[in-house]
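Below you'll find the structure, written out as structure tokens, and then a few comments.
The values are calculated or read from the model by the stated rules, or taken from the named source; none is laboratory data. Remember, it's a predicted structure, so these values are computed and weren't measured experimentally. Cβ: placed from backbone, ideal geometry, glycine included. Neighbour counts: every protein chain shown.
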């Protein structure tokens with residue numbers, strides 16, 4: 001019977017009927033009592049206690065561990081995609097909530113204004129019929145006093161203007177109220193969709209992370225250590241290849257040709273200082289600090305601390321912020337990774353970044369070329 005990676009362990013114990021018993025390592029079996037017709041003696045205690053031969057675990061080849069590493073990278077990448085979707089939906093719901101609060105305030109003001117206008121219209125109507133139910137126009141035409149006639153003409157004209165203005169204002173407020181009410185209803189529906197998107201992304205994230213953790217849990221301690229070493233080797237190889245392109249020399253030449261202004265250097269330095277202060281804090285998807293971060297949560301908070309608010313997600317950072325060539329990269333710039341812009345780190349100079357890698361890891365310093373670079377953006381360009 002196979003168990004894990006240890007193979008089949010069999011112990012044959014001869015009894016009266018030559019019954020073969022397979023024992024799992026670590027499991028004890030009692031000797032069966034001899035029947036009345038059984039002339040054979042029971043096995044001695046010393047014979048039962050004879051240790052069974054063991055088989056050493058077969059090491060998992062590096063090629064197989066590389067496949068595991070590729071699987072883990074894929075699962076965590078999928079989790080990063082879902083994390084960006086979650087963060088985007090979270091940002092949308094936050095903005096929608098603020099806009100809805102403003103709309104509700106406006107509609108409340110419009111309702112109060114409309115009620116006042118209707119009260120004014122009612123008061124005007126009551127005043128017109130106060131004198132025995134005779135409208136002002138009739139009283140004006142029946143007046144035989146020239147002075148009263150002149151006064152009446154002016155009063156009637158002013159009244160007509162006021163009434164027209166009141167009607168126009170009432171109509172305007174009613175239209176505005178309807179527009180805002182319709183807008184609020186549409187925003188509520190959009191808010192509900194964004195909340196559902198966020199919930200779906202959350203489930204995807206949790207499922208991918210769980211799959212990755214289960215995959216890692218199947219490895220022995222030594223295999224995990226070898227897997228970690230393979231990851232480090234792959235990172236060193238990628239970083240070395242990136243540096244061999246001469247990118248740092250080109251950055252130095254670009255900096256000499258176009259020196260960074262004191263203001264820009266100060267802003268970048270503040271962002272880098274903030275990121276540096278977060279080293280060692282755990283990665284948590286959707287987190288924006290202060291105790292934990294995901295990748296874009298770290299970069300967005302670093303630049304917020306430097307006085308420049310930027311989009312919340314790595315994908316929106318890539319879409320909205322000014323792009324610069326990697327050879328012109330300077331401290332504070334954001335390095336966007338992978339073709340779908342699902343990871344980001346903050347450049348600290350000398351070919352290195354600070355980033356929040358993935359679940360189970362902490363904010364750390366890494367080579368800027370250890371992952372596929374999509375491009376570089378500059379928040380304070």
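Tell me whether the range 208-230 contains one or more residues that are out of contact with any strand residue (DSSP E or B) (no Cβ under 6 Å at 6 or more places or on another chain), surrounded by fewer than 16 Cβ atoms within 10 Å (Cβ to Cβ), within 17 Å of residue 351 (Cα to Cα) and in contact (Cβ under 8 Å) with a residue 40 or more places away in the chain.
For the range 208-230, residues out of contact with any strand residue (DSSP E or B) (no Cβ under 6 Å at 6 or more places or on another chain), surrounded by fewer than 16 Cβ atoms within 10 Å (Cβ to Cβ), within 17 Å of residue 351 (Cα to Cα) and in contact (Cβ under 8 Å) with a residue 40 or more places away in the chain: absent.
Could you pull out the residue among 365, 353 that is touching a residue at least 60 places away in the same chain (Cβ under 8 Å), in a strand (DSSP E or B) and under 16 Å from residue 274 (Cβ atoms)?
Details: 353 fails: touching a residue at least 60 places away in the same chain (Cβ under 8 Å).
Criteria check complete, one pass: 365.
Would you point out which residue out of 344, 376, 324 is closer than 23 Å to residue 245 by Cβ and within 16 Å of the chain's Cα centre (by Cα)?
Going through 344, 376, 324 in turn, just one is closer than 23 Å to residue 245 by Cβ and within 16 Å of the chain's Cα centre (by Cα): 344.
Does residue 330 meet the test of being in a helix (DSSP H, G or I) and not assigned by TED's automatic domain parsing to the domain that holds residue 202?
no
Being at pLDDT below 95 and assigned to a loop (DSSP other than H, G, I, E, B) is the filter here; which residues of the range 312-324 pass it?
Answer for the range 312-324, where residues must be at pLDDT below 95 and assigned to a loop (DSSP other than H, G, I, E, B): 312, 313.
If you scan the range 247-285, which residues turn out to be in contact with a strand residue (DSSP E or B) (Cβ under 8 Å, 6 or more places away or on another chain) and loosely packed, with under 11 Cβ neighbours inside 10 Å?
280
For the range 240-262, state whether one or more residues are free of Cβ contacts under 8 Å to residues at least 40 places away in the same chain and at positive phi.
Looking for residues that are free of Cβ contacts under 8 Å to residues at least 40 places away in the same chain and at positive phi, one finds at least one in the range 240-262, hence yes.
Looking at (1) more than 23 Å from residue 356 (Cβ to Cβ); (2) touching a strand residue (DSSP E or B) at 6+ places or on another chain (Cβ under 7 Å), which is the only condition residue 314 fails?
(1)
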